[in-house]
Amino acid sequence: MQQEMPRRNWSWWYLLFAFEFLIALWVPFYNSVEPALGGMPFFYWFQLALVFICAGLTAIVYFASD
């Protein structure tokens with residue numbers, strides 16, 4: 001009977017999660033009205049863009065740390 005290799009619990013790819021977390025919590029970085037995009041203040045459109053960016057980064061981590 002061959003013994004299975006233990007799975008690694010940590011990967012360097014997980015640092016992308018820290019990046020997402022820090023950008024979302026660093027409110028002074030995006031706490032402004034300008035530049036507006038389509039009449040929407042930067043504060044709002046940056047958070048909306050961050051949702052899609054974080055979803056993409058999460059997918060990258062999921063597939064890369066298989």
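The values are calculated or read from the model by the stated rules, or taken from the named source; none is laboratory data. Everything numeric here is computed off the predicted structure, so don't read it as measured data. Note that each Cβ is placed from the backbone with ideal geometry, even for glycine, and that neighbours are counted across all protein chains shown. Surface areas here come from the heavy atoms of the whole protein model, side chains and all, with no ligands, DNA or RNA. Shrake-Rupley method; radii C 1.70, N 1.55, O 1.52, S 1.80 Å.
Selection of first residues in segment 1-22 that are at pLDDT below 90 and of second residues that are among the β-branched types (Val, Ile, Thr) and open to solvent by 100 Å² or more (accessible area, probe 1.4 Å), restricted to Cβ pairs under 6 Å at least 6 apart or on distinct chains, gives an empty result.
Residues checked against (1) of a type in the set (A, V, I, L, M, F, W, C); (2) modelled with pLDDT of 95 or more:
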position: 26; (1), (2): yes, no
position: 38; (1), (2): no, no
position: 45; (1), (2): yes, no
position: 52; (1), (2): yes, yes
position: 64; (1), (2): yes, no
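For segment 25-66, a residue qualifies if it is in contact with a helix residue (DSSP H, G or I) (Cβ under 8 Å, 6 or more places away or on another chain) and either among the aromatic types (Phe, Trp, Tyr) or open to solvent by less than 40 Å² (accessible area, probe 1.4 Å) (or both), and the qualifying residues are 29, 30, 42, 43, 46, 50, 54, 57, 61, 65.
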